[in-house]
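So the structure is just underneath, and the comments pick up after that.
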Amino acid sequence: MLHEFHSPVGREIAVGKAIPLRIRTVDDCARFSLRFDPARLAEASKAFGLALPAKIGDVAASSGRLAVQLGPDEWHLLAPLAEQGGVERAFAELYSATPHSLVDVSHREVGIEVEGTAALLALRSAIAFDIEAMPAGMGCRTIFDKAQIVLVRETEERFRIEVWRSFADHVWGILQATSREIELDI
Amino acid sequence: MLVIRCPYCEAERPEVEFAYGGEAHIARPADPSTLTDEQWKDHLFIRTNARGTHFERWRHVHGCGRFFNAVRDTVSDKFVTTYKAGLPRPTEAELEGMRK
Ligand SMILES: [Zn+2]
């Protein structure tokens, strides 16, 4: 799997000093880009096995599945690798009655988890909007430095970044530099 | 950096997430083949180039991906309001209320 050969994979940045901060790549998972008629969202929720959020920015998550609504008819879906085939089959059954687009983007993205009391500080170094005002359980597409990412605030102090593989090194490098600055109190 | 409110995301987002899309409310002629070259040139290239209140399109390209319309003052760069694509342009009276 391409994912394994990506350089940040399996690496970790830990800052254990006064402000704890831990940044690590998350385990490989299945990812989908879903475009679906919002008026018939219940069908998609049933196929995915999770009630999909109905408002841009909202996140739904349970038992290893996560869905964030990115646009009026667009969702980013995460599921455990083992369930990828099942999700694809469930949506394929819907297709004749409800045309939609479900694209496997599993290998396009790398997931990075940023956790700790300094997580906000680390992310603020490269994200231009007020992340502090973003409640836990929300997510959006945005720009990290120059790279497009999907940012999900999983809890108050834990964020998940989904970034294209080709940009992942860049994002990782910035997080590394920022962590160093946080460690040295610069 | 400008902070722009996306009417689809209903949130304030930084300018880097957006792309400018030119003047808004320019209807494409229904039957271009009946137009003279002069009229077609006007449709393609001639814009108001307002000094002050300007109706313009933006796209939330690194967010929800949607085009929407905005009213911006080209002198102060201040956004008066943003609204969804397809909605009519706000009247001067409505804009006056929003400027306060
Ligand atoms: Zn938006």
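Checking the structure you have, find out if any residue of region A:144-154 is more than 10 Å from chain B (Cβ to nearest Cβ), open to solvent by 30 Å² or more (accessible area, probe 1.4 Å) and at pLDDT 95 or above. Yes, there is a match, as at least one residue in region A:144-154 is more than 10 Å from chain B (Cβ to nearest Cβ), open to solvent by 30 Å² or more (accessible area, probe 1.4 Å) and at pLDDT 95 or above.
Being outside any loop (DSSP other than H, G, I, E, B), in contact with a Pro (Cβ under 9 Å, 6 or more places away or on another chain) and of a type in the set (A, V, I, L, M, F, W, C) is the filter here; which residues of region A:112-129 pass it?
Result: A:Ile112, A:Ile127.
All conditions but one from (1) within 14 Å of chain B (Cβ to nearest Cβ); (2) assigned to a strand (DSSP E or B); (3) out of contact with any His (no Cβ under 6 Å at 6 or more places or on another chain) apply to A:Glu132; the one that does not is (2). Can you name the residue in region A:59-111 that is part of a loop (DSSP other than H, G, I, E, B) and of a type in the set (Val, Ile, Thr) and, of all such residues, is farthest from A:Ala168 (Cα to Cα)? Residue satisfying both the conditions and the ranking: A:Thr98. For region B:58-100, a residue qualifies if it is open to solvent by 50 Å² or more (accessible area, probe 1.4 Å), over 13 Å from the mean Cα position of the chain (by Cα) and within 14 Å of chain A (Cβ to nearest Cβ), and exactly one does: B:His62.
Residues checked against (1) away from the ligand (no atom under 16 Å from the Cβ); (2) small (Gly, Ala, Ser); (3) farther than 24 Å from B:Leu95 by Cβ:
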residue	(1), (2), (3)
B:Val3	no, no, no
B:Pro7	no, no, no
B:Glu12	no, no, no
B:Gly21	no, yes, no
B:His25	yes, no, no
B:Arg28	yes, no, yes
B:Ser33	yes, yes, yes
B:Glu38	yes, no, yes
B:Trp58	no, no, no
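Only a single criterion out of (1) within 14 Å of chain B (Cβ to nearest Cβ); (2) touching a residue at least 12 places away in the same chain (Cβ under 8 Å) is not satisfied by A:Leu81, namely (1). Residues of region B:4-47 that are in contact (Cβ under 8 Å) with a residue 12 or more places away in the chain, over 18 Å from A:Gln148 (Cα atoms) and either away from chain A (no Cβ under 14 Å) or not charged (D, E, K, R) (or both): B:Pro7, B:Tyr8, B:Gly21, B:Gly22, B:Glu23, B:Ala24, B:His25, B:Ile26, B:Arg28, B:Pro29, B:His43, B:Arg47.
The values are calculated or read from the model by the stated rules, or taken from the named source; none is laboratory data. A quick note: this is a predicted structure, and the numbers were derived from the prediction, not measured. Virtual Cβ from ideal backbone geometry, glycine too; neighbours counted across all protein chains shown. Heavy atoms of the whole protein, side chains included, go into the accessibility calculation; ligands, DNA and RNA do not. Shrake-Rupley method; radii C 1.70, N 1.55, O 1.52, S 1.80 Å.
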